[in-house]
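Take a look at the structure set out below.
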Amino acid sequence: MAFADKATVEGCEVYYKVNEQAKKYTLKDNGFVETNSGNFQLVRPLDATPQSKEGFKLKITIASDLKTLKMSVTTANGLKSMNIFKGDAHAMSQEKFYFLMDGMISRGVFEKA
């Protein structure tokens with residue numbers, strides 16, 4: 001998956017983009033980790049319980065230029081992309097996804113595109 005100016009996870013109708021005011025320290029303060037290539041990556045579980053290792057993971061990567069990003073929801077091992085918005089079976093994961101993204105918007109990391 002290539003970096004883009006705006007991104008969303010599979011099945012979601014809301015697109016997000018990196019806030020123009022976001023800086024490297026803003027990302028680090030919000031849980032992003034700098035990778036060896038200089039990009040910033042955030043991996044958060046979308047499980048019903050935090051101790052569970054069986055649920056989905058939200059992966060967000062922001063390029064080192066802080067202008068482009070990519071995001072996906074994957075299986076617990078991170079290998080396969082999943083669509084949590086297909087049907088109502090994953091309502092808890094959908095709610096947790098929107099909660100995490102709204103928190104990032106309020107902290108100035110993302111904005112809706």
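Brief remarks on what is shown
- Qualifying positions in region 74-100 - open to solvent by 100 Å² or more (accessible area, probe 1.4 Å) and either farther than 12 Å from C12 by Cβ or in contact with a helix residue (DSSP H, G or I) (Cβ under 9 Å, 6 or more places away or on another chain) (or both): N77, L79, K80, D88, M92, E95, F99
- Residues that are at pLDDT below 95 and part of a loop (DSSP other than H, G, I, E, B), drawn from region 39-52: L46, D47, A48, T49, P50, Q51, S52
- Applying the set (1) within 12 Å of F110 (Cα to Cα); (2) in a loop (DSSP other than H, G, I, E, B); (3) modelled with pLDDT of 95 or more to A22 leaves exactly one unmet item: (3).
- Residue count for region 11-47, restricted to those that are open to solvent by less than 100 Å² (accessible area, probe 1.4 Å) and closer than 14 Å to Y98 by Cα: 9
- Scanning region 19-53 for residues that are under 11 Å from the mean Cα position of the chain (by Cα) and of a type in the set (V, I, T) yields a total of 1.
- Residues in region 48-70 that are in contact with a helix residue (DSSP H, G or I) (Cβ under 9 Å, 6 or more places away or on another chain) and either of a type in the set (D, E) or crowded, with 16+ Cβ neighbours inside 10 Å (or both): G55, F56, L58, I60, I62, L66.
- Of residues in region 74-96 being out of contact with any His (no Cβ under 9 Å at 6 or more places or on another chain) and in contact (Cβ under 8 Å) with a residue 60 or more places away in the chain, the one nearest to K57 (Cα to Cα): S81
The values are calculated or read from the model by the stated rules, or taken from the named source; none is laboratory data. Here the structure is a predicted model, which means the values were calculated and not measured. Quick reminder, even Gly has a Cβ in these numbers, built from the backbone with ideal geometry, and neighbours come from all protein chains shown. Surface areas here come from the heavy atoms of the whole protein model, side chains and all, with no ligands, DNA or RNA. Shrake-Rupley method; radii C 1.70, N 1.55, O 1.52, S 1.80 Å.
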